[in-house]
Amino acid sequence: MTDNNSTVDIERTFKDCPEAVAVLTPEGIIRYANTSLLELLGWADSEIVGHPGEEILAHEDGAKMPSGFRRKDRFIAAADISMIPLADPNGTTLGTLLIGRDCSGRLELEDRVADTSELLREAIETISEGFALYDKQDRLVLCNANYRRLYSLSEDAMEKGVSFRDILQHGLKRDQYQLNAQSADDWLQERLERHHRADGEVHEQQLAGGRWLQVSEKRTPRGYIAGIRTDITNLKHTQAELQDAYANMSLLTDSLSHAIVEVDMDGMCSFINDYGAAWYNLKPDQIIGKKYRDFLSPEHISKISVHFRQALGGRRLQIETMDAFPDGLVRDLQMEFIPKLSSAGFMAGLIIVSTDITEAKKTERSLASLYQVTATQELSSDQKIQQILRIGCEHFDLPYGIVSNIIEDGYTVVWAESPAGEIPVGAHFELGDTYCSNVIGDDKPLGIMHTAKSEFSLHPCYKNFPLETYIGVPFMVNGERYGTINFTSPTARLRPFTMTDYQLICQFADWVGHEIAREQANQALIDAKIRLERLASIDDLTGLLNRRVFLEQANKEVARYRRDRRIFTTLLLDIDHFKLVNDNYGHGVGDEVLREFSKLVQEELRVVDIFGRVGGEEFAILLINTDAEGAKIVCDRILERLRNAPLLPSHDLKVTCSIGVAVASADDVEFSSLLHRADVALYEAKEKGRDQMVLAPPSVPSGKQNAQVSAR
């Protein structure tokens, strides 16, 4: 169709146009509608041509320009509408060209995109981790609330389009990050390098205030960087608690004289304490994570393999065995295999506790041999003494044993045991040229493990006879000093001498004295039994006699005093303020104080004196053939040593003690009365300010009979 006022062929121009087209008169009447417009509106040409154009246009509230078309079915078709004025060359208005593009599909797509975007945002907000997305230029695209919460000091910088560097610097200025001795510039450079790498590697980040995050960043296919932040503060605290628990367990197990090993079901070592690792001349970390059997000798493996398999089957076992270890020692062992179960109740591995019972076994064998030798009537005294020397050489693992007779400054070999008879009986030396010169006046045993590394390295004996190991003690015959019994070796001893060793050599000395005197053979057998029981009845912590055995010995001394009037004095010692040691340093240090206190006091006593632990921090001593004056000398030495130096140098810990002293009297029918007087004197020492001794009167004043000792 051709417009009468225009040279444009409207029908040919707009009929097949994909956009909806209408031509309006200057008065706004529809003069033409193309096919696309008719299809969009659902009207026929005759139904809209000649009608006002406003009938097919839809306006949003207050809008001048139409936002769509009104369809015949009364629905609004969203459209982008342009209205172009038409004029002839002279400028005369011919009408309006209306062009509309259906945008309902685009709007629908935009709505779907918006919905999807909002759904994504909601999803990101619901995750418990912090999430952030940065574009190719490293500018923030979006982040969730958890991300803002984790980095709260940087939150006001987290605006869309802000660079990652700027956000980091914002946090640095507010001390948000724990730099761990790094400069801010170095920390920033390292963090940016890791961020730009965005390889998905997980690393930990510490924030100020103790918070820990786990950070993972990865680059998307479009080049964006997506990052996840997980708060692992509780996990770190739990790990720290586990590490503390492990350290405490290690401290506990290392304080025990047992080798403790834990292995999994494949035999891999997951734990070994320092004490156990030292048997292999290694540190725990050199064994943990490796097959435990790789550190065992083939002989040891063959001995325990059956028991090992049985224990892995869930059976708890205890065996005794023997093996040689890389540290040079052959050990008798008591091994306990303890099945370890998982939280679900399944077998997870084994805990193997190995106790070195070498000394106990050797002592058991030595005491049995000693008893057999001394009990027999078939051997002469000479033969018995020779056998005792052989027992001692075997027990101490030392080749030479000597019984000497010391007269004034002369030392004569009376009996000797040596591999090839190197030490002749009758050999005579100056007493000062022997190690025995150092024990003859002390009346107590002396042990030297490695002379070259000890205070005896300049001793004349070491110069003349380079003996690296020595243990010896003087002995009496009929109340008179006779000489010494000692065992030596030219090589250093690997295993330290124990309290049992010192007790045993004293027992050897006693038996030699009995045999030399040819007296009291039956009494000697009884004493051996008593000593055997004493060795089995010592206090586990200090190695002293326990309360029961001490009181038995004390009552015998009272009976002997009433029979023979052999004077003796009782000392009751109590460590001052011991509760404060436990409260301030812990019970482990408290136990160490008790052990070191026992050793210090023992060093001031003679072999004949009887020393026992009768309470928590309370000790008792019987000073044989000692009156009040002699007891005061012993007490003064003990008190002075405690005052002059820390008992535990490692903790710079000094302790003092209070001592109650009571001399046996005719009124003492039983030891309980003597102990009570010493107890009252001890209470008085505490009342007077501690760190002193108080001598009890022969009888207790009636006003103090019920004195309480709670002030200790």
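The values are calculated or read from the model by the stated rules, or taken from the named source; none is laboratory data. Predicted model, so just to flag it, every value in this text is computed and none were measured. Positions of Cβ are generated from backbone atoms using ideal geometry, with glycine treated the same way; all protein chains shown enter the neighbour counts. When the accessible area is computed, the model is the full protein with side chains, heavy atoms only, and any ligands, DNA or RNA have been set aside. Shrake-Rupley method; radii C 1.70, N 1.55, O 1.52, S 1.80 Å.
Here are a few things to note about the model shown:
- When each of 573, 594 is tested for being free of Cβ contacts under 8 Å to residues at least 60 places away in the same chain, under 14 Å from residue 615 (Cβ atoms) and open to solvent by less than 90 Å² (accessible area, probe 1.4 Å), the lone residue that passes is 594.
- Scan segment 536-570 for residues that are modelled with pLDDT of 90 or more, within 20 Å of residue 507 (Cα to Cα) and either among the aliphatic types (A, V, I, L, M) or open to solvent by 70 Å² or more (accessible area, probe 1.4 Å) (or both) and the total you get is 6.
- Those residues of segment 576-590 which are acidic (Asp, Glu) and either farther than 23 Å from residue 679 by Cα or loosely packed, with under 15 Cβ neighbours inside 10 Å (or both), in sequence order: 583
- Test for residue 455: is it of a type in the set (D, E, K, R), open to solvent by 40 Å² or more (accessible area, probe 1.4 Å) and under 22 Å from residue 389 (Cα atoms): no
- Subset of segment 291-336 (residues that are open to solvent by 70 Å² or more (accessible area, probe 1.4 Å), over 26 Å from residue 397 (Cβ atoms) and part of a strand (DSSP E or B)): 291, 318
- In the set 425, 414, only one residue is in a loop (DSSP other than H, G, I, E, B), β-branched (Val, Ile, Thr) and on the phi < 0 side of the Ramachandran plot; that residue is 425.
- Residue list for segment 180-197, filter: surrounded by 12 or more Cβ atoms within 10 Å (Cβ to Cβ) and either basic (Lys, Arg) or farther than 16 Å from residue 167 by Cβ (or both): 182, 191, 194, 197
- Filter result for residue 131 (closer than 25 Å to residue 172 by Cα and at pLDDT 75 or above): yes
- Segment 437-519 holds strands (runs of 3 or more DSSP E) entirely within its bounds, and those carrying 3 or more residues that are of a type outside the set (A, V, I, L, M) map to 469-477, 480-489.
- Enumeration of residues in segment 344-372 that are of a type in the set (A, V, I, L, M, F, W, C), out of contact with any Phe, Trp or Tyr (no Cβ under 8 Å at 6 or more places or on another chain) and under 27 Å from residue 518 (Cβ atoms): 367, 368
- Residue match in segment 337-358 (condition: part of a loop (DSSP other than H, G, I, E, B), in contact with a strand residue (DSSP E or B) (Cβ under 9 Å, 6 or more places away or on another chain) and farther than 23 Å from residue 394 by Cα): yes
- Looking across segment 34-53, the residues that are of a type in the set (A, V, I, L, M, F, W, C) and either open to solvent by 70 Å² or more (accessible area, probe 1.4 Å) or not in a helix (DSSP H, G or I) (or both) come down to 43, 44, 49.
- Residue in segment 475-486 that is closer than 18 Å to residue 603 by Cα, modelled with pLDDT of 90 or more and open to solvent by 50 Å² or more (accessible area, probe 1.4 Å) present: no
- Within segment 359-398, the only residue that satisfies the criterion of being modelled with pLDDT of 90 or more, assigned to a loop (DSSP other than H, G, I, E, B) and either surrounded by fewer than 18 Cβ atoms within 10 Å (Cβ to Cβ) or aromatic (Phe, Trp, Tyr) (or both) is 397.
- Qualifying residue in segment 606-627 (condition: in a helix (DSSP H, G or I) and either surrounded by 14 or more Cβ atoms within 10 Å (Cβ to Cβ) or not polar (S, T, N, Q) (or both)): no
- Every pair of residues 6+ apart whose Cβ atoms lie under 8 Å, when the first sits in segment 37-53 and is acidic (Asp, Glu) while the second is at pLDDT below 85 and open to solvent by 30 Å² or more (accessible area, probe 1.4 Å): 47/72
- Top-ranked residue of segment 337-358 - restricted to ones that are of a type in the set (A, V, I, L, M) and either free of Cβ contacts under 8 Å to residues at least 24 places away in the same chain or on the phi > 0 side of the Ramachandran plot (or both), ranked as least open to solvent (accessible area, probe 1.4 Å): 344
- If the condition is being at pLDDT 90 or above, surrounded by 13 or more Cβ atoms within 10 Å (Cβ to Cβ) and assigned to a loop (DSSP other than H, G, I, E, B), then segment 134-174 contributes 135, 138, 151, 158, 162, 174.
- Test result for residue 121, open to solvent by 70 Å² or more (accessible area, probe 1.4 Å), at pLDDT below 85 and within 26 Å of residue 18 (Cα to Cα): no
- For residue 533: the one exception among (1) modelled with pLDDT of 90 or more; (2) surrounded by fewer than 16 Cβ atoms within 10 Å (Cβ to Cβ): (1)
- Residues located in segment 642-697, provided they are of a type in the set (Gly, Ala, Ser), part of a helix (DSSP H, G or I) and closer than 26 Å to residue 561 by Cα: 672, 673, 678, 681
- Sole exception among (1) open to solvent by 40 Å² or more (accessible area, probe 1.4 Å); (2) at negative phi for residue 443, by number: (2)
- Residue, nearest to residue 413 (Cα to Cα), within segment 493-504, restricted to residues that are of a type in the set (A, V, I, L, M) and surrounded by 14 or more Cβ atoms within 10 Å (Cβ to Cβ): 504
- Filtering segment 410-441 to residues that are in contact (Cβ under 8 Å) with a residue 40 or more places away in the chain and under 48 Å from the mean Cα position of the chain (by Cα) leaves 435, 436, 439, 440.
- Cβ-Cβ under 8 Å pairs, at least 6 apart or on other chains, segment 265-287 side closer than 18 Å to residue 355 by Cα, far side among the hydroxyl-bearing types (Ser, Thr, Tyr) and open to solvent by 60 Å² or more (accessible area, probe 1.4 Å): 275/257
- Filter result for residue 516 (open to solvent by 20 Å² or more (accessible area, probe 1.4 Å) and touching a residue at least 40 places away in the same chain (Cβ under 8 Å)): yes
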